[in-house]
1. Among (1) charged (D, E, K, R); (2) over 22 Å from the mean Cα position of the chain (by Cα); (3) farther than 26 Å from Thr150 by Cβ; (4) at pLDDT below 95, where does Glu324 come up short?
2. Among (1) at pLDDT 85 or above; (2) open to solvent by 40 Å² or more (accessible area, probe 1.4 Å); (3) small (Gly, Ala, Ser), which single condition is Ser32 missing?
3. Restricting attention to the stretch 429-445, which residues are within 22 Å of the chain's Cα centre (by Cα) and open to solvent by less than 20 Å² (accessible area, probe 1.4 Å)?
4. Filter the stretch 1-21 down to the residues that are among the hydroxyl-bearing types (Ser, Thr, Tyr) and modelled with pLDDT of 85 or more, then identify the one that is nearest to Tyr87 (Cα to Cα).
5. Can you tell me which residue within the stretch 419-450, out of those that are small (Gly, Ala, Ser) and touching a helix residue (DSSP H, G or I) at 6+ places or on another chain (Cβ under 7 Å), is nearest to Phe204 (Cα to Cα)?
6. Considering (1) free of Cβ contacts under 8 Å to residues at least 40 places away in the same chain; (2) assigned to a loop (DSSP other than H, G, I, E, B); (3) under 22 Å from Leu214 (Cα atoms), say which one Gln341 fails and leave the rest.
7. Given the conditions (1) within 18 Å of Arg463 (Cα to Cα); (2) open to solvent by less than 40 Å² (accessible area, probe 1.4 Å), which single one is not true for Ile203?
8. Looking only at the stretch 385-400, count every residue that is free of Cβ contacts under 8 Å to residues at least 24 places away in the same chain and buried (at least 17 other Cβ atoms within 10 Å of the Cβ) and tell me the total.
Amino acid sequence: MASNYNSAAKLLAPLLTKKGAGLKELAFGKKSIPSVTQKSTYAVTCKTLSYLPTINKLLECKSKSHPRHKTLRTLIMDEVTNKALVYVLIYELLFSDYKSLRGGGSIKRLVMKYHVDMKHSLLHDIDLDKLESKRNDFTSYFPKYLRVNTLKTNLQEVVDLLKSLDPNLTFYTDRHVPNLLVLPPKYTIDFYNLPFVKEGKIIFQDKSSCFSALALVHHSNLSAYHNNFDLLDATAAPGNKTTHLASLANSTGTVFACERDEKRWKILQSRTDLIAPEKITTLHMDYLTTESTDAKFANVKGILLDPSCSGSGIVSQPDRIEEEENEKTKTERLTNLSNFQLLALIHSMSFRQVDRLVYSTCSINDEENECVVGKALAEVNEQIEKEEEKWVLVPPPGLQNWERRGKPNVGGLTESEAKCLVRCDPFDGDETNGFFVAYFERRRVVGSASKSNSKDIGEDIVRVDGVELYSGEFKKKEKGVNFKKVAKKRKVAETENENSVINDDDDYDDDDDDDEREKKKTKKQPPPLTAEQEAEKEARDLKRKAKKALKKKAWKAKQSAQKKERVKSKK
């Protein structure tokens with residue numbers, strides 16, 4: 001078996017159990033698995049993960065060649081212990097560019113045994129269009145976002161570093177988030193081994209997740225706060241938003257960061273010590289048990305609340321595996337989540353000294369977004385007697401030029417209130433994960449931020465010579481990803497001649513394989529078959545198999561008769 005497959009399986013195995021570190025940590029971090037940190041191995045693992053729902057659906061299909069028509073999962077998965085390797089091999093055989101397998105081994109032979117069954121099920125038994133719409137493969141399309149930690153370095157220093165590492169690298173500055181660089185989806189720099197990353201000077205952080213801190217702490221807000229205010233991140237781990245908050249509010253007081261789970265709290269503490277030392281105070285406690293009258297929170301003027309959510313907007317993390325859910329289970333889960341989110345938001349609004357509040361999720365579900373915001377506003381404001389103490393929605397000062405807004409008439413919100421909300425949609429060309437941001441102010445401070453400080457788009461972004469503002473240069477021509485087109489292309493690819501699959505040979509030479517792959521790259525793909533042609537082809541195949549079976553039966557009968565004659569003649 002080719003070593004690359006085994007290495008990818010080692011990375012994949014702990015992710016299938018959903019225990020331990022994430023993919024990047026396993027591949028490049030402190031918990032990296034020895035001998036599996038090659039980029040090619042990481043790429044194969046990412047791709048396999050993105051096709052996991054499709055492969056799982058495929059394995060539930062019944063085998064057409066097995067006499068009892070057992071499922072492919074029973075025939076393949078139940079026969080092996082290294083299930084991660086099976087996933088990798090099926091991806092390589094059916095979905096990779098080459099659609100072939102190198103090396104040998106018993107698991108490869110088992111997968112190859114049911115190769116034709118799997119191809120048949122792909123074409124006839126599963127809905128590829130539906131599965132493609134769920135495939136988590138946005139890592140191939142989205143730019144990579146690199147946040148500059150201004151507590152330790154500056155934009156110019158990082159730009160100089162990138163240019164020295166790769167003079168041909170094309171990158172831009174983001175036009176909404178200050179000190180955020182936009183890199184192409186693929187690049188050659190090994191960032192994870194750079195001192196700048198290990199020292200916390202640069203952080204990989206998706207653009208939309210930067211919106212929470214930016215909405216709460218923007219230059220126009222800073223002038224409205226008094227000189228030494230504190231901030232509170234309510235549910236802080238793993239700490240990217242917390243450290244961004246500290247970076248934006250560099251000249252202010254302390255950032256408190258709460259985390260209930262001990263393991264996550266330790267991760268938060270480690271991250272904040274690295275990225276924003278002496279700026280953040282981590283608190284190992286349940287945010288819902290905090291008291292607004294606690295002396296340490298007396299100077300807190302702003303709260304960032306990014307509670308647990310469904311994560312339905314996250315599409316760029318290949319190791320985020322979605323479980324199949326029926327409608328009832330999904331509804332129950334969303335109800336439980338939205339109830340907790342509403343409770344946390346109402347609790348945040350109860351801090352009387354706080355006059356600015358951000359609520360955000362990485363969800364695209366209305367139940368977790370507009371519905372929670374609408375209920376919280378109605379319930380809390382009803383209990384507040386003084387008009388100036390009531391909460392209102394305000395367009396986030398740092399994101400006034402972001403086009404996509406909230407949904408009107410959802411959760412009881414008016415059209416003007418919905419325009420105050422910010423949404424990101426990865427399926428509609430936003431080039432970032434799905435996200436939602438609501439920014440609240442008490443009436444007593446609405447408008448206190450100087451209007452003169454609100455600059456036009458790009459004006460508050462630090463500019464560096466030779467680095468332009470990003471305007472979608474890395475975006476694919478299609479708006480978002482055309483899943484139907486991808487599914488159609490794959491269907492065509494699955495009708496390729498079965499002889500393109502490499503024979504099962506333990507002594508196969510990798511160099512010959514590379515040559516063969518190059519030939520396949522340049523080979524013209526056959527045109528797609530119509531439904532009628534597919535039916536005719538299937539009928540011919542069945543007829544050929546039946547004819548072959550009859551010949552074999554006749555041959556066996558003849559051999560048996562000849563044997564009887566020989567035995568009779570000897571007597």
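1. For Glu324, the failing item is (2).
2. Going through the list (1) at pLDDT 85 or above; (2) open to solvent by 40 Å² or more (accessible area, probe 1.4 Å); (3) small (Gly, Ala, Ser), Ser32 breaks only (1).
3. First pass over the stretch 429-445, keeping only residues within 22 Å of the chain's Cα centre (by Cα): 429-437.
Within the stretch 429-445, Gly429, Glu431, Thr432, Asn433, Gly434, Phe435, Phe436, Val437 meet the criteria.
4. This residue is Tyr5.
5. Top of the filtered list is Gly434.
6. Single failed check for Gln341: (2).
7. (1)
8. Looking only at that region, the number is 0.
The values are calculated or read from the model by the stated rules, or taken from the named source; none is laboratory data. Quantities reported herein were computed from a predicted structural model and do not represent experimental measurements. Virtual Cβ from ideal backbone geometry, glycine too; neighbours counted across all protein chains shown. Note: accessible area is taken over every heavy atom of the protein model, side chains too, but ligands, DNA and RNA are not part of it. Shrake-Rupley method; radii C 1.70, N 1.55, O 1.52, S 1.80 Å.
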